[in-house]
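Please read the structure below before turning to the comments.
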Amino acid sequence: MKSLSRLVPVLSLSLVLGACSSTTDSGAIGVNRKQFLLVSSSEVEAAALQAYKGELGEAAKAGKLNNDKAMLERIRVIADRLIPHVKTFRPDALQWQWEVNLESNEQLNAYCAPGGKIMFFTGIVNKLSLTDDEIAAIMGHEMAHALREHGRERMSQAMAQQLGVQLGTKLLGIEDQAQLALMGSQLLFGLPNSRGQESESDVVGLELMARAGFDPRGAVSLWEKMGRASGGGGPAFLSTHPSGPQRIAELQAKLPAVMPLYQQAKAGAGKPVPRVVPRT
């Protein structure tokens, strides 16, 4: 217990050096958690863009980039409907250089990098026979990770851990850096927070898809499909986005809050949707 008491000042100092704020407005169903953000958005976006361009280059080199033109157009049309509604949570995201690409890859995977760079794998659409609503559920969820800057938050947490290790070693004479880092991770940056990020993305994603006129019940059917797909060792998507009855139940509990937004959007359907994602 003595080591725990010595660890607290170090971790407290690392928190003081950062800033606790929220990257988004709360939306209709409320996302209000304060976030620990030590790393700047520009640093994270620059690193993410470099990694994203690297993946695009590798896919293009392998002849796997944007080959299925019909599927590519399909997911880009869905993105065009979702992106205007990011203003609900953060108006500045409308100015992001949004981009949607498709990799011919049998893995069940998709992501949205910081700054609005979306990648879908053909496998997740084909193997799960996704409807447009289910694609919108995945895309909205991934966009929510970017809007909430969860990657920036994780990088900030990792930096704070490293700072704690360095200060603890130098100022408190703690020599076992690995032990100190592990303790810091368990105390402040463990699994409950990552679960919280997933829950936030579910909520924000539901509202995005509902406002865009996609049936939010598609999020429930999506995760039911994901649950069935996990039987054979689990797709890549489930390694970072675990499914399960609890998640589905939480999504179902949120449906009454977003269904009126969906019905309102459906009532106004028929209006032309401006293209947001560049066509190349």
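The values are calculated or read from the model by the stated rules, or taken from the named source; none is laboratory data. Note that this is a predicted model, so its numbers are computed, not measured. Neighbour counts run over all protein chains shown; Cβ positions are idealised from the backbone, glycine included.
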Sole exception among (1) among the small types (Gly, Ala, Ser); (2) surrounded by 13 or more Cβ atoms within 10 Å (Cβ to Cβ); (3) at pLDDT 85 or above for residue 41, by number: (3)
Check 105, 101 and return the single one that is part of a strand (DSSP E or B), at pLDDT 95 or above, more than 26 Å from residue 25 (Cβ to Cβ) and of a type outside the set (A, V, I, L, M). 101
On the given criteria, is residue 49 touching a residue at least 40 places away in the same chain (Cβ under 8 Å), in contact with a helix residue (DSSP H, G or I) (Cβ under 7 Å, 6 or more places away or on another chain) and over 27 Å from residue 133 (Cβ atoms)? no
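Within the range 57-72, track down each residue that is within 29 Å of residue 199 (Cα to Cα) and in contact (Cβ under 8 Å) with a residue 40 or more places away in the chain.
Taking the range 57-72 as the starting set, the residues that turn out to be within 29 Å of residue 199 (Cα to Cα) are 71-72.
Of everything in the range 57-72, just one residue is within 29 Å of residue 199 (Cα to Cα) and in contact (Cβ under 8 Å) with a residue 40 or more places away in the chain, namely 71.
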List pairs: first residue in the range 252-280 and surrounded by 15 or more Cβ atoms within 10 Å (Cβ to Cβ), second residue assigned to a loop (DSSP other than H, G, I, E, B) and charged (D, E, K, R) anywhere in the structure, Cβ distance under 8 angstrom, at least six positions apart or on different chains. 262/215
Exactly one condition in (1) surrounded by fewer than 23 Cβ atoms within 10 Å (Cβ to Cβ); (2) under 18 Å from residue 84 (Cβ atoms) is not met by residue 135; state its number. (1)
